[in-house]
Structure formats: C-alpha cells, structure tokens
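A short reminder: the numbers here are calculations on the coordinates, not readings from a lab. Just so you know, these numbers come straight off a predicted model, no measurement behind them. Reconstructed Cβ throughout: ideal geometry from the backbone, glycine too, with neighbour counts over all protein chains shown.
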Amino acid sequence: MSVLIIGGQRFAAGLDWQRELVKGRAAGRIAKERYRPWTVDVGAQTGFVNGVDNPEGSRPLAAVLTAGLGSEESWAAFIEEDGKGEGPRRVAVLRGAAGLILPGGDSVFASGEEAFAALGNLQGDRMHLAVTPGLVEFAPDAEVLGVETIAEGAANAPEMVRAPAAGMSVGSFVLVLVLMLGAAGGLLWWLAGEDLLRMAGLGRKETREEPLVEAVVRTGDFLRHCQAAMDARRVSMSGFDRLAVACHPRFAQGVSKMAPGGLAGRPVLEVSWVLREGLDPRVYVPLAQDMLKRWPDAVMDDKGTSAAFMALPVVVERYRAEDATWAEPAEFRRRLDMALALRGFEIEYRDWGAEVEVELQTGRPLREAVAMLTAIEGLEVASVTWSPERDWVFAVRRTQAFHVRESEFHALTGSQAGSAMRSEQGKAG
C-alpha cells in the first residue's frame, strides 16, 4: 500500500478490494489473516490495506474515481502523485467496471513508464481510459482528470479506519452478558465485565499492533535447496505414477489438502503419487508406506493416493534498500530473453505487477535450469513445479518485498518445520 499526495490531499491506494461489503467479525478476520488492519467501505465493496504508510486520516482514491467514472461499463485510471523533487513520480492505477473496483485493480507503480508497461494498452472499444495531466504522453486519447478535481472529491470520500477486532460478535456478547447477569447478578459483571468486553473485541486495547518486517526471498538459495532435496529424496515409487513435484519458497497452508500443519510460510518440497491403474492397493500400499517413512511428513489413503512433504532451509531475510535490484519491465524482459529465449525455455509474459509476472517452461534437467536462473539478477522464483505434461515450470517475477509480522519472521528464520510421517488410512486423497 502507498499513501499518495494528489492535489495536496492524502489518498490511500493499493487496497485489497472484496466483491461485497464485509462487516464485523468477518472484516476482522480478513484484516487479521491478510495483515491489513485498515479498512474502508466504498459503495458495495470493502477494501483492506496494511498500515506501513500510516493511512490514518487518508481517503481511498478508489472512492473519488468510482464516483466520477463508475457509470462507465469498463474503465481504468492512471493517477500521478504530486511532484517531490526530481525523478519519477509514483502512479496509482485503478480499474473498475459498472461501479465496482475489480479485484486486484488497485495498484501503485514506481513511474508512469512502469504503470503503462505493466498493464499494456488498455484502450479499447469498451474501455474508458482516464489520466492526470502528467501522463497524457502515454495515452493521448484518454480523458484528462485534473488533480484539483480529484482533491476536491476527497471531501465526499470516507476515511480509512481500523478494522474491527476478530472477536466475539456483538450479538453473542449480549447473550453471554444476559446469561451471566441472570446467573450471578451484578457482582459478577462488576468483576468480569472488562474481560467480556475484551472477548467481544470492544474493550480497551492492552497491546499495540505488532510491527511488520519487510522481507525478501533469497531465490538462489531456494533453488539450490530445492535441487539438493530432490537429490537426497526418492521421488519415485514402484507401482506408482508421480503426479507432481513442487518446491515452494513460502508454502501456502491449505493449498494442498493432504499437507500437514506447521508448514505455512516455510520453504517446502512436495511430491504426490497415485497407484497405477489395475494394481492391487493391498499389495502396493504397504510397500509405499515403508518408503514414505523416510520422509519427514507423508500421508496416504487406502487407495494409494499419497503425498510427501519436506521442509527446506529458510530462505527469507530482511529487505535492505541498498540491495534492491528492481528493474523496469523492459529491462527485466531483456534479461530473461538474453539468458533463456534461445536456451530451451518457453517464456510466457503475464501482467507486470501481478503475483506471477512470467512463466518459464523447460525440458532441461533441473540442475541446469537452476544454474541458469540463479545467474539472472533481480529474479524471484515464486514456485517450481514438475508434471508429466509440462516438465519443469518456474513461476517468476521481479524480486518483491513482502510484509510479515515480526514474531512470524523470527519463527521462520529461527526454526524449521518437521514432524513424524503420518499415514491416514481410509481418507480420500
């Protein structure tokens, strides 16, 4: 998230927009899970944002733009911040349709060049494009929005507020309160009232918001650890077809329904198999179980569908501005094309600024691919996957910093996940 000064007013941009209004405990839960403690309602949507740039008192830029452009069937607006000396100015880009901000349609880029390169040519028969005066050179046919008009719109926009606590609902709180008062009288309320309020998320806050750490993934180390784990572990089983192999620098708990707990946020090697058609599970499942005991975590159902997991060494570190290697899209593309285009890689470019900006596919051995990718400056690998249909696929982007709670950062960098192998008979894979 970024707070941009536009026409002298503070505007919040880069919000995570839901498709509907979210209130109460649901809003508190989203804010807690996504580390975005600030929220605002605009029209029929709720947006969430982190507190890194101190959005208190700012107004969501989306509110002003939807008020002015919301009647358009499909629209995009490129809004440049006020000048702050020499150098490029940041640009907020918002995209909407029929009065709504599209999910993922509220972003901030380092410059006009990067913003237009990331989103390409949005001008079309059904796309209304609007820009502030300093960006007219990128879209000569677009509607020009004066910064004074945008600033004036702030008066009618809501302010960013802290999301409610993800505690007990007010209705549940009232019910508990009535029962307790009826059972124990006013004395019990006098003794426990503050605790009840705190449970409901309505009491005094006793702790400050936990600070966030800005971190990055060490991609070279991640790829080398992935390769080493593949070399050290058997990824084939007699009588079983290997469905997929994946290495994650930051494992997302819940993505794999067979994954054990305790791996969230950690680097992980994951392999899955299925019993070949026509083979008897009563014969092959016990054999596979013996092999899977060599993995730190594994699970298998009674039909032979199985998966194994191994936590890898930690590959996140604190972000340091002096080590930044962020590249403009054109420069980053040049690096990839020069290093990979004629060396056995298929390169598919996606939206710049997205979670995955480029997908790389190759039939080369993993060891060779790792050596080539680690030599590319400013590249971050978000995942490594293998499948029988596509061989190796690398989801990559320009190196991006991310925010994590300080306690979680210390947990990630100070310990490793790992537990005994688990076997679950009779569970569907």
*Whichever aspartates and glutamates have a C-alpha closer than 14 Å to that of Lys23, once near sequence neighbours (fewer than 8 apart) are set aside*: Asp41
*asked:* Cut-off under 20 Å on the C-alpha distance; same-chain residues fewer than 8 positions from Lys303 excluded. Which aspartates and glutamates are left, in chain and number order?
replied: Asp241, Glu270, Glu277, Asp280, Asp290, Glu424
*Summing Lys, Arg as +1 and Asp, Glu as -1, what charge do residues with Cβ under 11 Å from the Cβ of Glu359 carry, Glu359 excluded?*
0
*Is the stretch 208-303 rounded, prolate or oblate when judged by the Cα gyration tensor, a ≥ b ≥ c being the square roots of its eigenvalues, rounded requiring a/c under 1.5 and prolate requiring a/b larger than b/c?*
prolate
*For a quick protection proxy, order the peptides 354-361, 261-268, 133-140 by their average other-Cβ count within 10 Å, most packed first.*
261-268, 354-361, 133-140
_Residue-by-residue Karplus 3J(HN,Hα) for the stretch 139-149, coefficients 6.51, -1.76, 1.60, Hz, glycine and proline x_ = 8, x, 8, 7, 5, 9, 9, x, 5, 5, 5
*Given the C-alpha centroids of the stretch 1-35 and the stretch 357-372, what is the distance between them in whole angstrom?*
37
_Counted charge near Val285, where neighbours are those whose Cβ lies closer than 11 Å (Asp, Glu -1; Lys, Arg +1)_ = -2
*Between Asp82 and Ser238, with labels modelled 7 Å along Cα→Cβ, what's the label distance in nm to one decimal, could you check?*
7.5
*Cleavage-rule hits, chymotrypsin sites (Phe, Trp or Tyr not before Pro), the stretch 233-291, DSSP coil, Cβ neighbours within 10 Å at most 10*: none
*Whole-percent pair-distance distribution, where bins are 5 Å wide, for the alpha carbons of the stretch 313-377*: 3, 13, 22, 24, 20, 14, 4, 0
_Test of understanding: what is the full-extension gain from Thr413 to Leu342, defined as 0.36 nm times their sequence separation minus their Cα-Cα distance?_
21.8 nm
*So, counting K/R as plus one and D/E as minus one, what does the shell of residues with Cβ under 11 Å around Val393 add up to?*
-4
*Binned Cα-Cα distances of the stretch 1-68, short to long, each 10 Å bin given as a whole percent*: 22, 55, 22, 2
